[in-house]
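The values are calculated or read from the model by the stated rules, or taken from the named source; none is laboratory data. Keep in mind the model is a prediction, meaning the values are calculated, not measured. Cβ placement follows ideal geometry from the backbone for every residue including glycine, while neighbour counts extend to all protein chains displayed. Accessible surface areas use protein heavy atoms only, side chains included; no ligands, DNA or RNA. Shrake-Rupley method; radii C 1.70, N 1.55, O 1.52, S 1.80 Å.
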Amino acid sequence: MKRVFARRFDHPELLPLWLLTPAAIVMSVILIWPIAQGILLGFFNTRILNYNAGRYIGLANYEVLLADPFFWNSLKVTVYYGIASMSCTYALGLSFALLLNRSLPLRGIIRTIFILPWAVPEVVAVLIFIWMLDAQYGVINYFFVEAGFLDAPAAWLAQADLAMPALVLITSWHQFPLALLILLAGLQTIPREEYEAAMVDGAGAFSRFIHVTLPGLRSVNVILILILILNSFRRVTMIYAMTGGGPARATETLSILTYNTAFTYQKIGYAAAIGTVLLLILLVFSLVYFFTIIHVKRDA
Amino acid sequence: MSPRTGTILISAALFALTLGCAGIVFFPYYWMIVSSLEAASLFEWPPRLVPSNVTMDAYVKIFTERDVFTWFKNTAFVASATSIFCTLVAINGGYALSRFRTGGTTAFSIFILFSQLLPATLIVVPLYVIFRQTGLYNSLIGLAIADAAFVLPLATWLMKGFFDRIPVEVEEQAMVDGCTRVGAFYRIVLPLALPGLVVVVAMSFITGWDEFFLARTLISSQSNWVFSVGLTSFETQYAIAWDEMMAAAVVFALPAVFFFLFVQRYLVSGLTSGAVKG
């Protein structure tokens, strides 16, 4: 029906073009044009103060970059942060989704509580955690010392080996509701009969999880894991507000390195080159993501 | 123990576990609120988990002695402008994507999907320069335009989803009754899509409200600070005023949380481009 309608009305008309023009203009000016500029800037030695005097220097930025230990450190940090935050977020999301995917008293209220972390502005989440992780009066230190995880309160954000775990902690607290909602939607598409059949075969709870639940979530899992990794590669606000990339560059992901290089060290040409590398990495993941979605939609 | 009591026990244990997890998840919220309400006993060790002397001092202070009111005003302006701007553009784009199948709309759909995955940090470097050159730097309108562009792909995609649920027969009937194609859209279809429209308005409002990164980069003067930027300044400017900072955080978070809970069930299908139904 839709196709007949479309054939009857759209062809001679330019209406769809007109409707899309405003969106196309806005997105071109604020998203596409800067991206193109950014890629170009990567070939210039531009600094913030001499924006118009930047010279074309070919691949020089990229040569510097390949020999830059901070770049390689940043790449390592990005992968570490991506995998750690994705795993923790996924694990929390799946555990809570399994807990919520049953008939519970007060299910609506409990579901809302589990979504609350996602609702809070990132900056607020960061401030709460900076306060809770405070070296002197932080309540998390108190709990950890009481529970025996720590001998004494730790300065989480000042120690290179503790800053990343702290960042992963806040990331997974803030982001797990997305995983929870996606997994909950996935769990609800698994037909009840499959569980009943498994129970008739004498499968226990764990075996049902392995043989029914996990396979049932397969396509949802792929999409979710890609989204979580892509988001962690692109994340700026949370890391910037929490640590700014420090201490000692322990949390300086490629996104943060790009920003710091541009606005702290004022080398926007070099920053653009780093950003372009990040763009290429994201592009590879995006293509995988894109084809997964097409695949999933075709199966659905 | 009969199997039935066993099942009940397991259910009860799982329910207790669920409540326990909910408690842990909620704790940062609780701690934010508690910290904002007790100035005197904030710096004690061990920390007082239940407040003893509750006071609203911090809330009074931030509105009288800090710039919170200015931040609130600027943020409300930016969020509203972002929302209006984004929604106006998204309804047209979303309608085109929902009702027409041409090369243009297909390319645009793919483009929307990709644009959600672009690194903000690479965009913002040239954007900073562009804003400086065009005079949009340090202007709240400029910030709202940038915010709107960043949320536009998701908003357009959500809007398309809402239009998809309205049968095309509605327009066909309207056109048989003498409406033009455009008239059918604005007069008949758009009112039917009102619930979706409200979601997009709220979602773009939250984005403009919460946004920190662009505001940090594109706004320079203190009188133009939005809430998120002002809030992080507490850290450096008033090093130990945690009660005030948490009070400001509560004031800032409240509208965002409220609107967010309303839109969250539509976000999942939007963020996964419809591959996962929310």
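Some observations on this one:
- Using the Cβ-Cβ distance between A:Phe206 and A:Arg107 with R0 set to 22 Å, the FRET efficiency from 1/(1 + (r/R0)^6) comes to roughly 0.35.
- Between A:Phe285 and B:Glu172, the modelled label-to-label distance comes to 4.4 nm, taking each label 7 Å out from Cα in the direction of the beta carbon.
- Projected label distance in nm at A:Phe70 and B:Glu44, using a 7 Å step from Cα toward the beta-carbon: 4.5
- Spherically averaged projected area of the convex hull of Cα atoms, chain A: 23.4 nm².
- Net lengthening on full extension, A:Leu17/A:Thr189 (0.36 nm per residue, minus Cα-Cα): 58.2 nm
- Taking 7 Å steps out from each Cα toward its Cβ at A:Tyr56 and B:Ala16 produces label points 7.3 nm apart.
- For A:Thr276, net neighbour charge (Lys/Arg +1, Asp/Glu -1) across residues whose Cβ lies under 15 Å away: 0
- Degrees, to the nearest 10: B:103-115 long Cα axis against longest axis of chain B: 10
- Just the protein heavy atoms count here, and of the accessible area of the range B:1-55 at 1.4 Å, carbon and sulfur take up 75 percent.
- Helical segments meeting 27 Å axial Cα length and Kyte-Doolittle 0.5 threshold in chain A (DSSP H): A:69-100, A:160-188, A:268-299
- Selection from A:Asn61, B:Thr7, A:Leu40, by position along the positive dipole direction of the protein assembly as shown (Cβ): A:Leu40
- Computed from phi, the 3J(HN,Hα) profile of the range B:175-184 under the Karplus parametrisation 6.51, -1.76, 1.60 (θ = phi - 60°) reads 6, 4, 7, x, 6, 7, 4, 5, x, 4 Hz, with x in place of Gly and Pro.
- On Cα atoms only, tilt of B:120-134 relative to the major axis of chain B in degrees: 80
- Qualifying GluC sites (Glu not before Pro) for the range B:176-278 [loop in DSSP, other Cβ within 10 Å: at most 12]: none
- Neighbour-limited loop hits for trypsin sites (Lys or Arg not before Pro), the range B:61-123 (at most 16 other Cβ within 10 Å; DSSP other than H, G, I, E, B): B:Arg101
- Compared with the dominant principal axis of the Cα atoms in chain B, helix B:194-210 is inclined by about 50°.
- Put simply, the amide H of A:Phe44, placed in the peptide plane, has neighbours under 5 Å in A:Ile57, leaving out anything fewer than 5 places away on its chain.
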